[in-house]
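Asker: Got a structure for you, written out below as structure tokens; questions coming shortly.
The values are calculated or read from the model by the stated rules, or taken from the named source; none is laboratory data. Keep in mind that what you see is a predicted model, and the values were worked out from it rather than measured. Every residue, glycine among them, receives a Cβ derived from its backbone with ideal geometry; neighbour counts consider all protein chains shown.
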């Protein structure tokens, strides 16, 4: 089955007839996301996007004057998804309460849900990174890094309050996010074998990863290898 056929079936495109400008813009965006996630950025041309969307190439540039505008629209669409918005609210409320468990459990759960229900986000992220595409840095700087810094500031605050042991906050964040993303990637890309490695649903996985992470941070008597060598 060709990429065009897959997209038409998935999006139920109606290439005949007139379409409102905003609907046409969204259709082009959806088609672009599907093609980029299937073929990467180097392997996808605006001509192919136009063909799959049933428009001429000029229409694409009428809605997205440059490729950078198209990439920004993709990023904004992913960032405004229901799961990402729910994540923002959940960790914000948990941080205000100082509820450590809910901060990290909510983060893990919503990230796992997002990638489970979005077939394109991780593929686009990996394609853009592997191809050295400008979208990779846009996603990392404007979204991923902001989440990392937000969690790191929370950890720094909890260390200062004596709730967490002394640790580099960003290293802690990278470790926790790494666990979550590894689980998301294994489930997304390795099918039945990947699911069997850790046969838990997203809620159970989020609880287990938060348990593991918080057990390490709240062990105030733990000494690092560096300290033990002194």
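Asker: Any idea which of (1) without any contact (Cβ under 8 Å) to a residue 24 or more places away in the chain; (2) in the same structural domain as residue 174 (by TED's automatic domain parsing) is the one residue 104 doesn't satisfy?
Answerer: Failed condition: (1).
Asker: If residue 44 passes every condition in (1) more than 27 Å from residue 208 (Cβ to Cβ); (2) assigned to a helix (DSSP H, G or I) but one, which one does it miss?
Answerer: Result: residue 44 fails condition (2) only.
Asker: For residues in the stretch 121-141 being under 18 Å from residue 80 (Cβ atoms) and out of contact with any helix residue (DSSP H, G or I) (no Cβ under 7 Å at 6 or more places or on another chain), which is surrounded by the fewest Cβ atoms within 10 Å (Cβ to Cβ)? I'd like the intermediate steps shown before the answer.
Answerer: Taking the stretch 121-141 as the starting set, the residues that turn out to be under 18 Å from residue 80 (Cβ atoms) are 121-122, 124-125, 135, 138-141.
Filter again for out of contact with any helix residue (DSSP H, G or I) (no Cβ under 7 Å at 6 or more places or on another chain), leaving 140-141.
Values: 140: 15, 141: 10.
The selected residue is 141.
Asker: Can you tell me which of 168, 196 is farther than 19 Å from residue 98 by Cβ, modelled with pLDDT of 95 or more and more than 18 Å from the chain's Cα centre (by Cα)?
Answerer: Working: 196 fails: modelled with pLDDT of 95 or more.
Unique residue meeting the criteria: 168.
Asker: Which residue, of 52, 21, is buried (at least 18 other Cβ atoms within 10 Å of the Cβ) and either at pLDDT 95 or above or not assigned by TED's automatic domain parsing to the domain that holds residue 209 (or both)?
Answerer: Working: 21 fails: buried (at least 18 other Cβ atoms within 10 Å of the Cβ).
Result of the check over 52, 21: 52.
Every residue, every condition in (1) modelled with pLDDT of 95 or more; (2) within 16 Å of the chain's Cα centre (by Cα), yes or no:
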| position | (1), (2) |
| --- | --- |
| 65 | no, no |
| 69 | no, no |
| 76 | no, yes |
| 81 | no, yes |
| 87 | no, yes |
| 93 | yes, no |
| 96 | yes, no |
| 101 | yes, no |
| 106 | yes, yes |
